[in-house]
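Beneath this line is the structure, given in structure tokens, with notes to follow.
Each reported figure results from applying straightforward, stated rules to the coordinates on display, with no laboratory input. Note that the coordinates shown come from a computational prediction; the quantities given were computed from them, not determined experimentally. Counting neighbours? That spans all protein chains shown, and the Cβs are built from the backbone with ideal geometry, glycine included.
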Amino acid sequence: MKEILTMKKIVKKFGTGHTEVTALKGIDFTVKEGEFVSIIGPSGSGKSTFLTISGGLQTPTSGEIQINGQTFSTLPEKQRADLRFKEIGFILQSSNLIPFLKVHEQFELVDRVSKKKEAENRIDQLLQSLDIKQLKDQYPSDLSGGERQRVAIARALYNNPSLILADEPTASLDTEHAYEVVKLLVKEAHDKQKATVMVTHDARMIKWSDRVYRMSDGYLIEETLNGQ
Ligand SMILES: Nc1ncnc2c1ncn2[C@@H]1O[C@H](COP(=O)(O)OP(=O)(O)OP(=O)(O)O)[C@@H](O)[C@H]1O
Ligand SMILES: [Mg+2]
């Protein structure tokens, strides 16, 4: 199987001198196509730092990142932005929807930027599978936090990126919808050969994972799954 995300010896430091914090302490990590990997760990352990660095939203202090075999840091900014847009679907802790666009327009914007149109029914299918089809004509401010989160998830999956990075995608959802969201992400990974990394603090959400890692004070340690 093809490696979609490869991280080598990733270190991330914030601040200098006596305020210096080392959030990531030399991380090696790989996700292949079709894999769903979960990262758990306490608040402040470095999970979001890890995820944003893996998708190129922040740069590491040292170490190397490859997306689909391309070394991220050596690409010029324009190509880096293109790669990020085409290959990576981000689901961040805040839902990052565009406030003045209706739900269906959030997806049409993706079409416009990518200069290709997804199948007509793709939006409807995604919204349906996340139980938010009736919200198509609403603005983000008219939605609940959980509904906004689900729209953001649909938008991240919409243009079929090869890598999906999800930071606490179920944080604002009730248990039933949280399970549905994780199952949808797992299904997308397995059926469409996507590489998916999900950060969560909710241990109930990791049971469908192919691998689970624990982030602990800047180190990433693989967990042994029950029954394996
Ligand atoms: N921009 C920044 N400047 C300085 N320190 C930072 C910055 N971003 C994160 N940190 C520090 O790095 C460490 C890891 O933070 P991070 O946000 O990755 O944790 P987390 O595991 O995602 O926590 P949570 O579960 O609360 O979201 C923390 O000590 C945090 O204070
Ligand atoms: Mg976080």
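Some values worked out for this structure:
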{"item": "Distant alpha-carbon pairs in the chain (separation over 21 angstrom), percent", "result": "55"}
{"item": "Net charge over other residues, Cβ less than 9 angstrom from the Cβ of A23 (K, R count +1; D, E count -1)", "result": "+3"}
{"item": "Loop-resident sites, region 27-133, for chymotrypsin sites (Phe, Trp or Tyr not before Pro), counting at most 14 other Cβ within 10 Å (DSSP)", "result": "F100"}
{"item": "Dipole in debye (nearest 20) - the chain, about Cα centre, beta carbon charges: Lys, Arg +1; Asp, Glu -1", "result": "540"}
{"item": "Order by protection proxy (mean Cβ within 10 Å, highest first), peptides 178-187, 7-16", "result": "178-187, 7-16"}
{"item": "Beta bridge orientation in the chain: antiparallel %, DSSP, nearest 5", "result": "55"}
{"item": "Contour excess over end-to-end distance, with Cα ends at T224 and A203 and 0.36 nm allotted per residue", "result": "6.2 nm"}
{"item": "Around L173: net Lys/Arg minus Asp/Glu count, Cβ-Cβ under 15 Å", "result": "-4"}
{"item": "Cα shape, region 160-201, gyration tensor, a/c 1.5 rule", "result": "oblate"}
{"item": "Furthest towards positive pole of dipole, T71, F29, H18, structure part the chain, Cβ charges", "result": "T71"}
{"item": "Potential lengthening between K192 and K102 on full extension [0.36 nm per residue; Cα-Cα distance subtracted]", "result": "29.6 nm"}
{"item": "Ranking of H177, H104 by count of other Cβ atoms within 10 Å, fewest first", "result": "H104, H177"}
